[in-house]
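One structure is given here, and the rest of the page talks about it.
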């Protein structure tokens, strides 16, 4: 009788504990509810106008004014030929960010913004893949750095193929995944995550672990898609962190029990918005992806409010 309660608790824990990724989606909790969906705080701000004034919003950019990257901290625009403004439409204002990646001369480009961290971070953006766009290697990434100044603001960058130690960095990226050509380009949405309890890859390196939804619809081309993802920091050293993502306001993936970090000072504080391509994934000479209406907030944002 004394040991029964202990056994029951241990049987319940593996449902949420995440040491390593979940490419098969077996630990996906999206169907169980518990997170909001549909309209969020953005519903009160048609076309996101005035959303920056909401106290829950940390950063926003609808690309309607100013020069390229004016609201951002770093710009990746090789030879000035990758980034430009283009028409948006579809209730998203007049302008959007266009990323034109050229296989022969660059790997694409994008923008990076550092921001004051929060215990739970929501990031929402709109994206559109042109009809001729192939597979994308890396997409939109949230990185944890040791701080916001000097060398500490860069601790979460780099380290591809290497396992974080729990005090230097962790990251998660919402990306289109082509499953080695098995899914039609650009693929299906999934998380690509680095943290100190990630699984080793077959080649002995530590490449980002996948958190996927194998039954999700393929990503359509030539239309705007509302993408939102959330990261909840864990208590340092404890497996109580989370991540989730929504497509057009519908919750598709939700994972709990992630031990992102070992130290309190390590927090997600940098967002990179990019389309990064390599010959490993695409043979298309030109690949175009557009972005619009980026918002970083402390609570669920949801799709753009309508007039």
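So the values come out like this:
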read-out	value
When residues of segment 266-301 are limited to those that are in a loop (DSSP other than H, G, I, E, B) and crowded, with 24+ Cβ neighbours inside 10 Å, the one nearest to the chain's Cα centre (by Cα)	301
Flag if residue 135 is outside any loop (DSSP other than H, G, I, E, B), in contact (Cβ under 8 Å) with a residue 60 or more places away in the chain and closer than 19 Å to residue 289 by Cβ	no
Candidates 80, 108 - the one that is on the phi > 0 side of the Ramachandran plot and modelled with pLDDT of 95 or more	80
Residue match in segment 224-240 (condition: without any contact (Cβ under 8 Å) to a residue 12 or more places away in the chain, in a loop (DSSP other than H, G, I, E, B) and within 19 Å of residue 22 (Cβ to Cβ))	no
Residues (buried (at least 21 other Cβ atoms within 10 Å of the Cβ) and touching a helix residue (DSSP H, G or I) at 6+ places or on another chain (Cβ under 8 Å)) located in segment 110-135	124
Hey, residue 25 buried (at least 17 other Cβ atoms within 10 Å of the Cβ), at pLDDT below 95 and in a loop (DSSP other than H, G, I, E, B) or not	no
Leading residue by the ranking (farthest from residue 61 (Cα to Cα)) among those in segment 106-130 that are touching a residue at least 60 places away in the same chain (Cβ under 8 Å) and part of a loop (DSSP other than H, G, I, E, B)	107
Test result for residue 166, at positive phi, touching a strand residue (DSSP E or B) at 6+ places or on another chain (Cβ under 8 Å) and at pLDDT 95 or above	no
Qualifying residue in segment 202-217 (condition: surrounded by 13 or more Cβ atoms within 10 Å (Cβ to Cβ), farther than 30 Å from residue 238 by Cβ and at pLDDT 95 or above)	no
Candidate set: segment 88-105, residues that are touching a residue at least 24 places away in the same chain (Cβ under 8 Å) and at positive phi; chosen: the one surrounded by the fewest Cβ atoms within 10 Å (Cβ to Cβ)	90
Condition met for residue 220 (over 16 Å from the mean Cα position of the chain (by Cα) and exposed (fewer than 15 other Cβ atoms within 10 Å of the Cβ))	yes
When residues of segment 166-186 are limited to those that are in a loop (DSSP other than H, G, I, E, B) and without any contact (Cβ under 8 Å) to a residue 60 or more places away in the chain, the one nearest to residue 112 (Cα to Cα)	186
Residue within segment 50-58 that is crowded, with 17+ Cβ neighbours inside 10 Å, within 29 Å of residue 278 (Cβ to Cβ) and touching a strand residue (DSSP E or B) at 6+ places or on another chain (Cβ under 6 Å) present	no
Conditions (1) more than 25 Å from residue 245 (Cα to Cα); (2) in contact (Cβ under 8 Å) with a residue 12 or more places away in the chain: number failed by residue 67	(2)
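The values are calculated or read from the model by the stated rules, or taken from the named source; none is laboratory data. Note that the structure is a prediction, hence the values are computed from the model and not measured. Neighbour counts are summed over all protein chains in view; Cβ atoms, including those assigned to glycine, are modelled from backbone coordinates with ideal geometry.
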